[in-house]
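The values are calculated or read from the model by the stated rules, or taken from the named source; none is laboratory data. What you are looking at is a predicted structure, and each value in this text was computed from that prediction instead of being measured. Here the Cβ positions follow ideal geometry from the backbone for every residue, glycine too, while neighbour counts run over all protein chains shown.
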Amino acid sequence: MAAKPVAKQAKRLVVLVSGSGTNLQALLDEIAATGTEAYGAEVVAVGADREGIEGLARAERVGIPTFVCRVKDHGTREEWDTALAEAVSAHEPDLVVSAGFMKIVGKEFLARFGGRFVNTHPALLPSFPGAHGVRDALAYGARVTGCTVHFVDDGVDTGPIIAQGVVEVRDEDDESALHERIKEVERRLLVDVVGRLARNGYRIEGRKVVIQ
Ligand code: GRF
């Protein structure tokens, strides 16, 4: 008798946020619409580096466990990094997604989650890394910018690129108008990439990410 095919288990995602959490919401909406099994992943917890943000509220409203790990509650940056790694580990994630998480993680976090820690950045890396990617592209006079979903390494927005989306800069753009248009593309890209990583598996070959 042929063996019954074993249903693939949805991958466990922990999502880290620092702000409004619209990227998180896009993931939650897609998973709710598609179903956990078909999407290939579920959000098992949402973590933040600060309290009182909409990103956490979005998770709480749908009953997803949340945690907060603030730098100022720890003696050193290394201690914070270890505490964050422990808080994330407690939820046994397959993938960790930084969706607008405005902190650089350290050695301990990367030792545990390197190669499965995905970030989204609002510029076309390697141009305009850092906390002000949108403002910097605008100030530089770039005519196109966009967003990059990449794996996190020990640099600032330097890890292997998984996918990018392009957005044209308009003459009348200010930082907020441009960022809003980037975020529309970014949310779709993140949802697509995380689902494909979860469903298909992937390997990282040097700077190249191959989704199987
Ligand atoms: C995104 O554009 C992300 O790339 C940047 O901050 C924004 C977060 O937006 N680092 P949200 O909190 O998901 O709405």
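Results, tabulated for the structure shown:
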{"quantity": "Filter result for the condition that a residue is touching a helix residue (DSSP H, G or I) at 6+ places or on another chain (Cβ under 7 Å) and of a type in the set (G, A, S), over S89, S98", "calculated": "S89"}
{"quantity": "Tally, over region 7-26, of residues that are at pLDDT below 95 and charged (D, E, K, R)", "calculated": "1"}
{"quantity": "Residues satisfying the stated conditions in region 146-167, i.e. β-branched (V, I, T), under 28 Å from F113 (Cβ atoms) and surrounded by 17 or more Cβ atoms within 10 Å (Cβ to Cβ)", "calculated": "T148, V149, V152, I161, I162"}
{"quantity": "Qualifying position, being within 14 Å of the chain's Cα centre (by Cα), surrounded by 17 or more Cβ atoms within 10 Å (Cβ to Cβ) and at pLDDT 95 or above, among V194, V209", "calculated": "V194"}
{"quantity": "Residue within region 115-127 that is at pLDDT 95 or above, in a helix (DSSP H, G or I) and farther than 20 Å from T66 by Cβ present", "calculated": "no"}
{"quantity": "Residue selected from region 114-124 under the condition buried (at least 21 other Cβ atoms within 10 Å of the Cβ) and within 22 Å of R77 (Cα to Cα), by the criterion nearest to the ligand (Cβ to nearest atom)", "calculated": "N119"}
{"quantity": "Verdict on E42 being more than 25 Å from V193 (Cβ to Cβ) and touching a strand residue (DSSP E or B) at 6+ places or on another chain (Cβ under 7 Å)", "calculated": "no"}
{"quantity": "Count of region 168-212 residues which are within 16 Å of F117 (Cβ to Cβ) and within 16 Å of the ligand (Cβ to nearest atom)", "calculated": "3"}
{"quantity": "Given (1) under 13 Å from the mean Cα position of the chain (by Cα); (2) closer than 26 Å to D29 by Cα; (3) within 13 Å of the ligand (Cβ to nearest atom), index of the condition F151 fails", "calculated": "(3)"}
{"quantity": "Filter result for V14 (in contact with a strand residue (DSSP E or B) (Cβ under 6 Å, 6 or more places away or on another chain), under 22 Å from F109 (Cα atoms) and free of Cβ contacts under 8 Å to residues at least 24 places away in the same chain)", "calculated": "no"}
{"quantity": "All positions within region 128-146 that are away from the ligand (no atom under 12 Å from the Cβ) and either in a strand (DSSP E or B) or within 16 Å of the chain's Cα centre (by Cα) (or both)", "calculated": "V144"}
{"quantity": "Where Q212 falls short, out of the listed (1) of a type in the set (S, T, N, Q); (2) farther than 18 Å from K8 by Cβ; (3) free of Cβ contacts under 8 Å to residues at least 40 places away in the same chain", "calculated": "(2)"}
{"quantity": "Residue match in region 75-85 (condition: more than 24 Å from V191 (Cβ to Cβ) and part of a strand (DSSP E or B))", "calculated": "no"}
{"quantity": "All strands (runs of 3 or more DSSP E) inside region 4-73 with 3 or more residues being surrounded by 14 or more Cβ atoms within 10 Å (Cβ to Cβ) and more than 13 Å from the chain's Cα centre (by Cα)", "calculated": "41-48, 66-68"}
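Residue-by-condition table, conditions (1) within 16 Å of the ligand (Cβ to nearest atom); (2) at negative phi:
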site: L24; (1), (2): yes, yes
site: D29; (1), (2): yes, yes
site: A32; (1), (2): no, yes
site: G35; (1), (2): no, no
site: D49; (1), (2): yes, yes
site: G55; (1), (2): yes, yes
site: R77; (1), (2): no, yes
site: T82; (1), (2): no, yes
